[in-house]
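Have a look at the structure below, then the notes.
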Amino acid sequence: MNRKKILTGLVSVFFPQRCACCGRVIVPSALFCPECLAALPKTVYERSAVGGFLCSAALLYEEPYSTALKRFKFHSKPGGLQGFAFLTVKAARERFEGKDFDAVTCVPMTRLAVLKRGYNQSEELARACAKLMALPFEPVLEKYRSNAPQRTLNRSQRAKNVRGVFRIRKSHGVTGKRYLLIDDVITTGSTLGECARVLKTGGCSEVCCAVLCTTPE
């Protein structure tokens with residue numbers, strides 16, 4: 001047995017592959033357990049972010065997916081990342097069939113928020129999606145002002161809360177580019193809409209959005 005096979009075996013013992021949805025241990029080559037795979041939605045959920053930007057969603061934000069997303073988002077549990085990326089890309093390709101994107105980007109967090117959590121779940125998801133789509137990942141947006149958590153606000157408050165907190169990084173040129181903008185979940189579409197608006201104002205030719213989950217409208 002060569003060194004690579006030994007290392008792979010040790011990784012599978014100490015860090016077993018787990019189902020993206022329920023967290024059960026599965027075979028290393030799988031993304032989901034058989035039960036969760038059979039229960040996955042057969043349709044793509046279509047949403048629009050504020051401003052009319054089209055958005056695809058793979059799952060409804062309900063059990064077991066809501067718990068799986070919270071585990072990924074708040075508890076440093078990246079084990080479901082590849083499964084989540086697969087679903088997000090699958091939905092985006094169906095929703096935006098025929099569209100060509102130049103790059104993938106994501107909804108940013110403030111530096112302080114990233115330091116506190118240790119990672120930006122939307123960036124992790126976007127990077128994995130970009131790899132699956134054979135596209136570059138470009139972190140062109142930055143969140144330079146802190147604001148209240150969106151989950152604590154109603155619909156009208158959310159739109160005001162995100163206004164003016166994002167901007168395009170000075171080191172990135174976006175003029176004429178077509179972006180797929182990734183986030184983990186869409187609720188009212190205010191955050192995605194504001195990020196897309198900033199990209200369009202900055203010169204992007206097209207912005208479409210893709211998320212893993214959508215709350216029921």
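Below, the figures for the structure above:
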quantity: Helix 65-74 axis, angle to the chain major axis (alpha carbon atoms, nearest 10°); calculated: 80 degrees
quantity: Using alpha-carbon coordinates, inclination of helix 3-14 to the longest axis of the chain, degrees; calculated: 80 degrees
quantity: Surface accessible to a 1.4 Å probe, SER29 within the full protein complex, Å²; calculated: 110 Å²
quantity: Solvent-accessible heavy-atom area per residue, rounded to whole Å², over the chain at 1.4 Å; calculated: 54 Å²
quantity: For region 111-175 versus region 79-93, the gap between their alpha-carbon centres in whole angstrom; calculated: 18 Å
quantity: Residue order for ARG24, ARG158 - accessible surface, 1.4 angstrom probe, largest first; calculated: ARG24, ARG158
quantity: 17 Å Cα cut-off, lysine pairs counted over region 65-167 (separation 8 or more, or different chains); calculated: 7
quantity: Sulfur and carbon atoms: percent of accessible area, the chain [1.4 Å]; calculated: 55 percent
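The values are calculated or read from the model by the stated rules, or taken from the named source; none is laboratory data. Fair warning: this is a prediction, and the values are worked out from it, not measured in the lab. The accessibility values were calculated without ligands, DNA or RNA, using every heavy atom of the protein model including side chains. Shrake-Rupley method; radii C 1.70, N 1.55, O 1.52, S 1.80 Å.
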